[in-house]
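Participant: So that we are looking at the same thing, I have put the structure below in structure tokens.
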Ligand SMILES: Nc1ncnc2c1ncn2[C@@H]1O[C@H](COP(=O)(O)OP(=O)(O)OP(=O)(O)O)[C@@H](O)[C@H]1O
Ligand SMILES: [Mg+2]
């Protein structure tokens, strides 16, 4: 069982949390709730951010909090196009939080789910682009050195589809760097949250051994395997081995053929990344990146983020409209000032954007079934009715409706303006009569 979430749907939004105005709940993971928020900037403007609030049980755990703060401080030093920028970290009203850039789009899990639901295969060039861009982020983080040039030894530890964020502009960013270390404290995490992570663990991590950057190489190798195969690598069942046992054994079935050019070359790359003995694996994310880039160039399966963004908008533009409309309403409610209440409200879905022809004609894997990238028991896997992104998970599309009630301050200022208007009118008439 997971602990009760810190916030519930009935709690009012927007609300102030430190220097942030929380106005929407984007999702929830095993250890935190994710809010979309606006942060006032020094110049007086406001920017969209994500505030990750650690669940109260974990926030209150000293050992966990210390680990999280220590690691998130390192993560905040990462600054790269393929890494979600963390810019604030602290504790407010007893709640540990991390503030980071908002990525307007889907996580990879959600994208695959949508592809499966709409029977829209993810073209292989885009699948390869996702992994290449994620590898760029990993390579940067693994090689990051401190101010004295000493390697910081950053390992993500939780490279999985829910931590690969994809924007509607086609950008791919890894999130949750530095958070997974605290995650590894299995004794304080909800059991379901740990089980969910096992599906992307290297064998050494699943055995609880010390890990290095090569563990992230194995994890991204699993992501690549699944994107090519169109199914999950490890599947636990009630009677068979658990995900953790499967991860320890690391038995990798051969990939099915997708009739890709120079396919054995691609399969060899996946196999190399998924070698159980880490000394035989790619020695770094950079080595895997080079190999994959080489393959993509040779096989002419190159794709650009711009094209990927177009494809996303053509195929899933409706979700974009829903999320942007909900945000506009929330922003307007904040501008109005008085408290607005977020209520799950089944507003009719906006007109669907006519799907344009796929941007690529390259062969694409057809997902076998709807991918379950996280076990169904994971909290955020269940539909979250009060979040526009999560709300858009399944039909009917439910978006939050922000109901803003006019507050007393607004009514008071209207009365003053009315009185001033009447007074000016009387003066004008008196002047006319006097003339
Ligand atoms: N910076 C962000 N911008 C947009 N959406 C985000 C951002 N960070 C997280 N999310 C969304 O919130 C969801 C929940 O995130 P969270 O990190 O709490 O859980 P998780 O990734 O599923 O699990 P965990 O990271 O604990 O393994 C993500 O899957 C993603 O869809
Ligand atoms: Mg995450």
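The values are calculated or read from the model by the stated rules, or taken from the named source; none is laboratory data. Nothing here was measured: the structure is a model prediction, and the numbers come from that model. Ideal geometry is used to build each Cβ from the backbone, glycine not excepted, and the neighbour counts take in all protein chains shown.
Participant: So which residues in the stretch 126-153 are under 20 Å from the mean Cα position of the chain (by Cα) and within 20 Å of residue 210 (Cα to Cα), if there are any at all?
Facilitator: In the first step, residues of the stretch 126-153 are kept if they are under 20 Å from the mean Cα position of the chain (by Cα); the result is 126-141.
Across the stretch 126-153, the qualifying residues are 138, 139, 141.
Participant: Here's something else I'd like to know. Scan the stretch 161-182 residue by residue and report those that are part of a loop (DSSP other than H, G, I, E, B) and either more than 6 Å from ligand 1 (Cβ to nearest atom) or over 18 Å from residue 27 (Cα atoms) (or both). I'd like the intermediate steps shown before the answer.
Facilitator: Of the residues in the stretch 161-182, the ones part of a loop (DSSP other than H, G, I, E, B) are 168-171, 175-179.
Answer for the stretch 161-182, where residues must be part of a loop (DSSP other than H, G, I, E, B) and either more than 6 Å from ligand 1 (Cβ to nearest atom) or over 18 Å from residue 27 (Cα atoms) (or both): 168, 169, 170, 171, 177, 178, 179.
Participant: Select from the stretch 39-51 the residues that are surrounded by 13 or more Cβ atoms within 10 Å (Cβ to Cβ) and free of Cβ contacts under 8 Å to residues at least 60 places away in the same chain and write down the one among them that is nearest to ligand 2 (Cβ to nearest atom). If you could, list the steps in order and put the result at the bottom.
Facilitator: Step one: list which residues in the stretch 39-51 are surrounded by 13 or more Cβ atoms within 10 Å (Cβ to Cβ), which gives 39, 46, 48-51.
With free of Cβ contacts under 8 Å to residues at least 60 places away in the same chain added as a condition, the list becomes 46, 49-51.
Details: 46: 25, 49: 16, 50: 11, 51: 14 Å.
My answer is 50.
Participant: Of (1) within 17 Å of residue 177 (Cα to Cα); (2) crowded, with 21+ Cβ neighbours inside 10 Å, residue 212 satisfies all except one. Which?
Facilitator: (2)
Participant: Which condition breaks for residue 126 when tested against (1) buried (at least 24 other Cβ atoms within 10 Å of the Cβ); (2) within 11 Å of ligand 1 (Cβ to nearest atom)?
Facilitator: Of everything listed in (1) buried (at least 24 other Cβ atoms within 10 Å of the Cβ); (2) within 11 Å of ligand 1 (Cβ to nearest atom), residue 126 misses just condition (2).
Participant: When you check residue 74 against the structure, is it more than 26 Å from residue 170 (Cβ to Cβ) and surrounded by 15 or more Cβ atoms within 10 Å (Cβ to Cβ), yes or no?
Facilitator: When the stated conditions are applied, residue 74 passes them.
Participant: Quick one: is residue 6 modelled with pLDDT under 85, surrounded by fewer than 21 Cβ atoms within 10 Å (Cβ to Cβ), closer than 30 Å to residue 329 by Cβ and out of contact with any helix residue (DSSP H, G or I) (no Cβ under 7 Å at 6 or more places or on another chain)? Talk me through it step by step, then tell me what you get.
Facilitator: Details: modelled with pLDDT under 85: yes; surrounded by fewer than 21 Cβ atoms within 10 Å (Cβ to Cβ): yes; closer than 30 Å to residue 329 by Cβ: yes; out of contact with any helix residue (DSSP H, G or I) (no Cβ under 7 Å at 6 or more places or on another chain): no.
So residue 6 fails the test.
Participant: Can you spot a residue in the stretch 171-179 that is away from ligand 2 (no atom under 16 Å from the Cβ), under 23 Å from residue 78 (Cα atoms) and modelled with pLDDT of 70 or more? Before you say what the answer is, go through the steps one by one.
Facilitator: Looking only at the stretch 171-179, we keep the residues that are away from ligand 2 (no atom under 16 Å from the Cβ), and these are 171.
With the extra rule that they be under 23 Å from residue 78 (Cα atoms), the set shrinks to 171.
If we keep only those that are modelled with pLDDT of 70 or more as well, we get 171.
Yes.
Participant: Kindly list the number of the only condition in (1) at pLDDT below 95; (2) within 24 Å of the chain's Cα centre (by Cα) that fails for residue 207.
Facilitator: Among (1) at pLDDT below 95; (2) within 24 Å of the chain's Cα centre (by Cα), the lone unmet condition for residue 207 is (2).
The rows are residues; the columns are (1) touching a residue at least 24 places away in the same chain (Cβ under 8 Å); (2) assigned to a helix (DSSP H, G or I); (3) closer than 30 Å to residue 46 by Cα.
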site: 69; (1), (2), (3): yes, yes, yes
site: 74; (1), (2), (3): yes, yes, yes
site: 78; (1), (2), (3): yes, no, yes
site: 98; (1), (2), (3): yes, no, yes
site: 133; (1), (2), (3): yes, yes, yes
site: 142; (1), (2), (3): yes, yes, no
site: 147; (1), (2), (3): no, no, no
site: 157; (1), (2), (3): yes, no, no
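Participant: Here is a further query. Scan the stretch 333-351 and tell me whether some residue there is loosely packed, with under 15 Cβ neighbours inside 10 Å and either at pLDDT 95 or above or closer than 30 Å to residue 134 by Cβ (or both).
Facilitator: Within the stretch 333-351, not a single residue is loosely packed, with under 15 Cβ neighbours inside 10 Å and either at pLDDT 95 or above or closer than 30 Å to residue 134 by Cβ (or both).
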